[in-house]
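In what follows, a single structure is set out as C-alpha cells and then discussed.
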Amino acid sequence: MVVWEDMTEAERDRFIYLTLSEDALKAIVVIMQKKHGPDVSTEDIMRFAFKVARNRMIPGKRKTKNEK
C-alpha cells in the first residue's frame, strides 16, 4: 500500500497528476473548499487528492469483501 509519508513531495505530485485527470483535480479542489472553506491549505488538498489517487489504483474486487 502506498503511504503519504513514504514518498517525497515530487513523487507524490507525480503520482497524483499521472493518476487523476484535470477534471478530477478541479472537483477535489471544489470539494475541499466547500468542506473546509476557501482558505483550505494546499497540503490538505494534496493529501485528499493522494487518497483519491490511491483508491483509484486499487481494483474494485479488492475494495469489496467477498460475500459467501
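The values are calculated or read from the model by the stated rules, or taken from the named source; none is laboratory data. In this text the structure is predicted, and so the values were computed from the model without any measurement. Cβ sites come from the backbone with ideal geometry, for glycine too, and all protein chains shown count toward neighbours. SASA here: full protein model, heavy atoms, side chains in, ligands and nucleic acids out. Shrake-Rupley method; radii C 1.70, N 1.55, O 1.52, S 1.80 Å.
With a 1.4 Å probe and every protein chain left in place, work out the accessible area per residue of the chain in Å², rounded to a whole number.
On a per-residue basis, 83 Å².
On a straight-distance basis, which aspartates and glutamates could pair with LYS34 in a cross-link, Cα separation under 12 angstrom, same-chain partners fewer than 8 positions away excluded?
none
Among (1) 23, 16, 11; (2) 28, 15, 4; (3) 28, 17, 8, which is the computed semi-axes √(5λ) of the Cα gyration tensor in Å?
(1)
Relative to the Cα centre, what is the charge dipole magnitude of the chain, using +1 at the beta carbon of each Lys and Arg, -1 at the beta carbon of each Asp and Glu, and rounding to the nearest 20 debye?
Dipole size: approximately 640 debye.
Could you calculate the contour length gain from SER41 to LYS26, that is, 0.36 nm times the residue separation minus the distance between their Cα atoms, to one decimal place in nm?
3.9 nm
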